[in-house]
Amino acid sequence: MTREGSRARMKQGKIIGYELENRREHRRVMMPPIQIEIEGVEYTTVDWSLGGFMLTPYSGKLIAGASVPVTIIATTGDDMHRHFAIAEIVRVEQRDKRLAGHFDRLDPRTVDSLERVILERLHRLKQR
């Protein structure tokens with residue numbers, strides 16, 4: 001299985017990600033950040049999209065290729081929404097203490113919550 005214009009990254013015979021030619025399926029959002037809880041620890045994202053996230057500082061023991069349950073915590077207005085998902089760890093940068101993950105199929109309620117976070121941010125920007 002390959003994607004046009006990409007090169008598969010392999011680990012122990014399993015595809016763990018693709019190196020794309022500087023394109024993403026989902027646009028990354030830096031503000032507002034969301035929280036991702038992994039293995040009982042809550043992290044604030046550096047950036048995120050409907051496809052995945054980057055967070056720092058991360059000093060845990062996960063490695064690229066691992067699939068882990070995560071809790072996505074998104075706030076809109078005065079409402080906090082917690083959603084559960086599975087994320088595949090795409091990259092761990094020990095030196096920069098960063099972790100990047102890819103969401104594996106978000107359910108419709110989670111997508112709605114994350115889209116509301118983005119729309120709320122856009123609405124605030126328009127009011128300026």
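If you go through segment 39-75 and keep only what is of a type in the set (D, E, K, R) and more than 23 Å from Arg109 (Cα to Cα), you end up with just Lys61.
Annotation note: Cβ proximity below 6 Å between a residue of segment 73-84 that is at pLDDT 85 or above and a residue that is among the charged types (D, E, K, R) (sequence gap 6+ or interchain) occurs for Ile73/Arg82. Within segment 35-69, the residues that satisfy the criterion of being over 10 Å from the mean Cα position of the chain (by Cα), without any contact (Cβ under 8 Å) to a residue 40 or more places away in the chain and assigned to a loop (DSSP other than H, G, I, E, B) are Glu39, Gly40, Ser59, Gly60, Lys61, Leu62, Ile63, Ala66.
Considering only segment 92-108, state which residues are farther than 17 Å from Ile34 by Cβ and either assigned to a loop (DSSP other than H, G, I, E, B) or out of contact with any strand residue (DSSP E or B) (no Cβ under 8 Å at 6 or more places or on another chain) (or both). Correct list: Gln94, Arg95, Asp96, Lys97, Arg105, Pro108.
The values are calculated or read from the model by the stated rules, or taken from the named source; none is laboratory data. From a predicted model like this one, the values you see are computed outputs, not experimental measurements. Ideal geometry is used to build each Cβ from the backbone, glycine not excepted, and the neighbour counts take in all protein chains shown.
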